[in-house]
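The structure appears below as structure tokens.
The values are calculated or read from the model by the stated rules, or taken from the named source; none is laboratory data. Please read all numbers here as calculations on a predicted model, not as lab measurements. When we count neighbours, we look across all protein chains shown, and the Cβ atoms used for this are built from the backbone with ideal geometry, even at glycine.
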Amino acid sequence: MNETEFNKSPIKRNMLNTDKEIERAEIFMNEGKDHEAMPILNKLVETSALSLSDEILLSSLLIRVGDWENTFKIADQIYQKAQDSQDYLQSINAILNMANSVITLGDLDKSFKLLEKSEEIYSFLSKDNQANLEEIEAYKAYIKGRFSFFFGKKEDSLKYMKRSLDLRKKIGSTRDIAESLLGMSNIYRILENDFDKAFYYTNQCLKIAEEIPYQRLIASSHFNLGFIYYLKGEFEKALTHYELALSYFEKTSNLNSSLGTLNNLAALYRAQGKLDKSLELLSKCIKLSEESKNNWSKVGYNVSMVEVLLDKGDIEKAKKYSERVKQIRDIEKTPYINRDYAYTEALILKKSPRIQNRARAENLLRSLIEDENTVFEIKIEGLIHLCDLLIDELKFTGEIEIIEEIKPLINQLQILTEKSHSYWYYAETYVLKAKLALLVLNIKFARQLLTQAQNIAETYGFEPLVKKISSEHDDLLQKLTIWEELEDSDSSLSDRLVMTNVEDQIKSMIQKRRNEIPEIVEENPIMILVISEGGVPTFSKLFAENFIIEDDLISGFLKAFNTFSGELFSEGLDRASFGEFTLLMKPLSAFLVCYVFKGQSFSAQRKMKIFVENLKQNEELLEKFNEYYKNNQVIKMEDFPRLNSLITGIFMQK
């Protein structure tokens, strides 16, 4: 066919039409209308009248909407054509698109081979075009970062993703910068559990993605924010972001992302105790997953259904979903799914009033925990359920030695929750351990464990959990006299079980409840003191105007401070009671900052932390404290008006 004939042929007309259709799809996407571009892209994928340049553009648009299967298909076509023409630049771009696609599709072996092939082709590229080389180097680093992420290699993942981000910032490719920012967010969100950094990188990505706009990344950023807020227990914010993400995924028929978001929403509603809503979403997941070839995800949704139905007390319906897991197991015949079925079977048997069924449940749970191939999540859940069985047995039999059986399980739970970065569970495990310590009247150890639990929750920003643990500790302090009296008497185990609420704690962990936030009331400040070594006051301020300071009361405070300071440093305690007052103490250089107040300690601790941090940053004030201490002088408020305003601003503002 000569050029004149070609220009008049249907092939030429189809190619011209294809050009216009690709341009139309790109315009829709640049306007943030991915859902309108999708039908055009799907049609173009099936056409054979595509030039190499059309295929390259189509491949890039498919990546932007997250259609990984068709991205691979088109990239493979590009690679074949580029190989024939020895176009190494397009060959390597196609190879990298293919490698990027199969990571998401779950074929890491294939991705590794494609990355190796890309290195081979890279050596043939001309070194004259530095811009192209940097773009390819940045893309390779990005894919290696994703590859390492899916293998759980956080150091490698961070190294490669950071390199991709730095190179892309240097090049100035806005869309690519947003992709790398989201990659950084995922690493910090999942592998590092550093929610502050994950939050930062997600918001940076979202800001850029909204300016472009890049709709898939906008939706993915909202998904990440939903996940972060969920883990922190901020459910209303999590719900808002998840719904924004879901709206996009459903409009663009992104099945896997829709299922992931629906599943996370179901978990959120379960944590709130909205079990009917959770079941509704899980039913939708199960129905939609029938379109997927991924039996593992189908199993996951059915297992979640069993858990929520058992929370609700619907044992018969839970059995039906457990049977579905068994049916998939019989088809797949994989140990992974077999363990999932054993887990659901154990949960159902555990609900039986019959001793032999509960014994079978215990044996199944122990087998799962001891199996080195059982995933962390099932091991953790299995340990919690096993503790629950033993606490029930403890309640009914009153045999105190059962506590000795529970202790190694909790120790194992601590190890696994820390190792798997399940830090909410990790903190709650310390609370559970504290309640067991109270059952055997080891009061001081229980207080130490509650302090550790609160520190963990604060470290990871779990605000609702911090409030809950702080209230638990306050309650223990208020009842300290009662507990000390029980220590000296022949108290019954049943009384102690009631006082500890250990059953409520284990049920909360089983049902993943994160909405049980106690009401927090601000404390009434009484006094702030800075005490030097030896217990000598260097500075003091009284807050309550109608509070009369008597010499014996001051000496009593100082005696309590000296006792408490010894406990603080040697035994890891963070508060003590002194009659109707609570004392908090924090070290500051060679001094101790002491805060006396009435009421709850949650907001008091926050104020103390802010105050001490401010003092640490004020070298002039610290020098004055040292100077006055050496000269055996007491700092007067009128000498330091800035100190007075600092204290008033922190402790007196509601």
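What the table shows:
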{"quantity": "Residue check for residue 278: outside any helix (DSSP H, G or I) and either of a type in the set (S, T, N, Q) or surrounded by fewer than 22 Cβ atoms within 10 Å (Cβ to Cβ) (or both)", "calculated": "no"}
{"quantity": "Breaking point among (1) more than 26 Å from residue 191 (Cα to Cα); (2) surrounded by 15 or more Cβ atoms within 10 Å (Cβ to Cβ); (3) not charged (D, E, K, R), for residue 130", "calculated": "(2)"}
{"quantity": "Close pairs from the stretch 245-263: first of a type outside the set (Phe, Trp, Tyr), partner not in a helix (DSSP H, G or I), Cβ under 7 Å, at least 6 apart", "calculated": "254/66; 255/291; 255/292; 257/66"}
{"quantity": "Residue that is modelled with the lowest pLDDT [pool: residues in the stretch 610-621 that are out of contact with any helix residue (DSSP H, G or I) (no Cβ under 7 Å at 6 or more places or on another chain) and surrounded by 11 or more Cβ atoms within 10 Å (Cβ to Cβ)]", "calculated": "618"}
{"quantity": "Subset of the stretch 594-609 that is in contact with a strand residue (DSSP E or B) (Cβ under 7 Å, 6 or more places away or on another chain) and not polar (S, T, N, Q) - its residue that is surrounded by the fewest Cβ atoms within 10 Å (Cβ to Cβ)", "calculated": "598"}
{"quantity": "Test: residue in the stretch 292-310 that is part of a helix (DSSP H, G or I), touching a residue at least 12 places away in the same chain (Cβ under 8 Å) and exposed (fewer than 14 other Cβ atoms within 10 Å of the Cβ)", "calculated": "no"}
{"quantity": "Residue satisfying condition, being closer than 23 Å to residue 121 by Cα and either of a type in the set (A, V, I, L, M, F, W, C) or surrounded by fewer than 24 Cβ atoms within 10 Å (Cβ to Cβ) (or both), within set 140, 154, 169", "calculated": "140"}
{"quantity": "Test for residue 117: is it among the basic types (Lys, Arg), out of contact with any helix residue (DSSP H, G or I) (no Cβ under 7 Å at 6 or more places or on another chain), part of a helix (DSSP H, G or I) and at pLDDT 90 or above", "calculated": "no"}
{"quantity": "Residue in the stretch 209-219 that is farthest from residue 462 (Cα to Cα), counting only those that are in a helix (DSSP H, G or I) and hydrophobic (A, V, I, L, M, F, W, C)", "calculated": "209"}
{"quantity": "Boolean, residue 411 is outside the structural domain of residue 499 (by TED's automatic domain parsing) and in a helix (DSSP H, G or I)", "calculated": "yes"}
{"quantity": "Single match in 331, 369 (criterion: within 19 Å of residue 510 (Cβ to Cβ) and not in a loop (DSSP other than H, G, I, E, B))", "calculated": "369"}
{"quantity": "Candidate set: the stretch 630-653, residues that are in a helix (DSSP H, G or I) and more than 46 Å from the chain's Cα centre (by Cα); chosen: the one farthest from residue 603 (Cα to Cα)", "calculated": "630"}
{"quantity": "Residues located in the stretch 451-474, provided they are of a type outside the set (Gly, Ala, Ser), in contact with a Leu (Cβ under 7 Å, 6 or more places away or on another chain) and crowded, with 22+ Cβ neighbours inside 10 Å", "calculated": "469, 473"}
{"quantity": "Filter pass, residue 333 being exposed (fewer than 15 other Cβ atoms within 10 Å of the Cβ) and free of Cβ contacts under 8 Å to residues at least 40 places away in the same chain", "calculated": "yes"}
{"quantity": "Unique match (being modelled with pLDDT of 80 or more, touching a helix residue (DSSP H, G or I) at 6+ places or on another chain (Cβ under 6 Å), among the basic types (Lys, Arg) and not in a helix (DSSP H, G or I)) among 607, 586", "calculated": "586"}
{"quantity": "Unique match (being surrounded by fewer than 16 Cβ atoms within 10 Å (Cβ to Cβ) and closer than 25 Å to residue 459 by Cβ) among 415, 380, 410", "calculated": "415"}
{"quantity": "Where a residue in the stretch 461-484 is of a type in the set (Lys, Arg) and its partner, wherever it lies, is modelled with pLDDT of 95 or more and assigned to a loop (DSSP other than H, G, I, E, B), with Cβ under 8 Å and at least six apart", "calculated": "none"}
{"quantity": "Any pair with Cβ under 9 angstrom, 6 or more apart, that starts in the stretch 624-639 at a residue that is hydrophobic (A, V, I, L, M, F, W, C) and modelled with pLDDT of 80 or more and ends at one that is assigned to a helix (DSSP H, G or I) and surrounded by 15 or more Cβ atoms within 10 Å (Cβ to Cβ)", "calculated": "625/615; 634/628; 635/624; 635/625; 635/628; 635/643"}
{"quantity": "When residues of the stretch 74-86 are limited to those that are surrounded by fewer than 19 Cβ atoms within 10 Å (Cβ to Cβ) and part of a helix (DSSP H, G or I), the one farthest from the chain's Cα centre (by Cα)", "calculated": "84"}
{"quantity": "Test for residue 233: is it outside any helix (DSSP H, G or I) and farther than 24 Å from residue 136 by Cα", "calculated": "yes"}
